[in-house]
Every structure is written in C-alpha cells, then in structure tokens.
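One structure is given here, and the rest of the page talks about it.
The values are calculated or read from the model by the stated rules, or taken from the named source; none is laboratory data. Predicted model, so just to flag it, every value in this text is computed and none were measured. All Cβ positions, glycine included, derive from the backbone under ideal geometry; neighbour counts span all protein chains shown.
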C-alpha cells in the first residue's frame, strides 16, 4: 500500500476511534447518576449530568416512579441536529456520601432528602432546597395520580433574578415585581418596592391583553412569553456576578373546569389527562416554585466553568441552556428569500395570478403566505 494511502487509512481509523470514544464517553455521562431514597420519605431523588457543568434533578414524590415526562430538556449526547455533545468535564458519583460532581458543579443529597448545589471552583452554594411539600390536589376529581408539589429554595434579598421570558412589567430583575396585577380590561403592571411576597402565575401566559388606551401600557397590550428559565446574580462585597442558571422543567397549562379555557387548553387537558398550572414566588429570602398537578419535580441547573472570567459567565450559562434544550435548526435555503403575504386572497386564481406576476417580472419569491383558507 502506498505511503499516502496508509496515512489516509491511519487518519480515518484514528477519527473512527475518536468518534467511538466520544460516543462511549457520552453514553457513560448519560448513564452516571446519583440515586437516593431518603429514609422517612416517599420521595426518590435522581441527579444526573446534563451537559458540561450542568445537572438535572428529579424527585419522584408520593411513591411515584421517576420518568422522563414532558419537558424542554433533550437527551444528553446529541442536540436536535444530531451532532454529538460530549461533556468535557469529569463526572464523579459517590453513592455512599450522596454526592455527584460534573466539572464545576456539584450536588449533594442530605439525610432529609433535600438537594444542595454548589460550584466546585470556590465551594459557593448556588442552589439549596429548604423544603419540598406535596399534597393531594382535590380539584382533580380525586385522581390519585397527581399531586400539588412545591419546592422552596434559599435566596438572598440582594439577589437579582433575570429571565422568565418577556412580560409587560418592563423590568429586567424579577425580584419585587408583581407579575399578576392584571384585570380585564387590564390596568397595567404594578412595580412593588420592598414587598417580599411576589408571585408569578403561569396562567397569565395564556391571557392576551388588548391595547386599549388608558390601560397603563401606553396603548400597547398583548400577551406574555413565559419561559421558566432564570439567571441569578448574587452580590459579593459591593459587586454582582452571574451565579447560575435554573430551568423549571415542568410545563403547566391552566385548564380548570371552573374557569374559561381556550381550545388549546382543552386540547392539552385531553392530551395530558390532567389540569395543571403553577406559580413561582420570588421572595426576599426564598424562591418557591409550585406545580398544581405533578408526579415528580424536575429542574435543571448550570454554572459557568471554573476557567470562565466574570465577563463570560453570562454567555457560558446561556450556552449550557441552549445545549440542554436544543439548538435552533439552520434556516433552509429555500426560506431565506422574499416572503410575500397580504390580507387574504379571495380565491385560488387570485393567488396564482400573483405568483405568475412575480415570475413574469423576474422577482424571486421563496414563500407566498395565505392567512385564510381559499
């Protein structure tokens, strides 16, 4: 065999070996997990790596088994384009001590079953469960499969909590902002100063608020974009630094039979066979997430790598989040041109005439949109 061919073959074999090693590492990372069943509780805790410097925490409550459920997280090992994502950080599980480490993030489960998450680089605790409560939701027609669950995490009054999507209150920091101060017709958001009990109701994401004048919104209403993803900034001395990212991986939809429900909610009620909604409260000394109907608690937490500079903590946290929930696919070439739309075509012939007109004039059109059926 000529030397050039031998070199090509050696390179190909090395590449294949590296790919197999990467797949094995990814599979090993996905298989590594800390499992605990604390004495005196009906809960089961499972903590596993979910990308570099990130962990997924699940707690099956009231004797239920841990399951994948419906959520935003995609399985580790590949993103939604099929490219391998192999955590570059070392993973260690100590079942006896009840700890798991994944790069710069570590978690432990105490004798009471509560979870504590910290940074390895400086030992700082970034997330600490204060309590988990579970109660039967009597409004679900006595359905024994679902419980109202809540998790209370420790917080500091000086913390700043960014994220939660896009809302009408106009504030970046979600601390001390009342998210549910809307009426019909809306009177606008209310910013509260020095009030420690502030709740965010996910049902508000299903409510479209019109832009009537005098509603306190400058004539612009609209709906909300709800993403239960937050980045917390903590204060050290006189300076703030981005500490960690948190995703409440428990989708909820208000479908109470006693309230007016949209057809979308009715669809989800049939699909999920339950009625669910939830809240999060950003108090001065704690943050409490609650789901009305669930069989487990499910959340994702990530910290920057140990090598990250303070200015790069934000991008590192967001990169981990995007890796965990999936990257947007590349826009296809056919969709990158001109998109044409108008306020409805009354007939198929009218739409075809428009298409012919573009063709005759040499105008390249990628998409012709028709907002209503012909």
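Values computed for the structure shown
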item: Any hit, region 100-107, residues being out of contact with any strand residue (DSSP E or B) (no Cβ under 9 Å at 6 or more places or on another chain) and either modelled with pLDDT of 95 or more or surrounded by fewer than 18 Cβ atoms within 10 Å (Cβ to Cβ) (or both); result: no
item: Count - residues of region 286-307 that are more than 18 Å from residue 101 (Cα to Cα) and without any contact (Cβ under 8 Å) to a residue 60 or more places away in the chain; result: 0
item: Leading residue by the ranking (farthest from residue 128 (Cα to Cα)) among those in region 170-184 that are modelled with pLDDT under 70 and surrounded by 13 or more Cβ atoms within 10 Å (Cβ to Cβ); result: 182
item: Condition check for residue 190: farther than 27 Å from residue 239 by Cα, modelled with pLDDT under 55 and touching a strand residue (DSSP E or B) at 6+ places or on another chain (Cβ under 6 Å); result: yes
item: Qualifying positions in region 36-60 - at pLDDT 85 or above and either outside the structural domain of residue 227 (by TED's automatic domain parsing) or in a loop (DSSP other than H, G, I, E, B) (or both); result: 37, 43, 50, 51, 52, 53
item: Scope region 296-318; condition crowded, with 19+ Cβ neighbours inside 10 Å and out of contact with any helix residue (DSSP H, G or I) (no Cβ under 8 Å at 6 or more places or on another chain); matching residues; result: 296, 297, 298, 299, 301, 313, 316, 317
item: Qualifying residue in region 73-88 (condition: at pLDDT below 95, crowded, with 16+ Cβ neighbours inside 10 Å, within 20 Å of residue 302 (Cα to Cα) and out of contact with any strand residue (DSSP E or B) (no Cβ under 9 Å at 6 or more places or on another chain)); result: yes
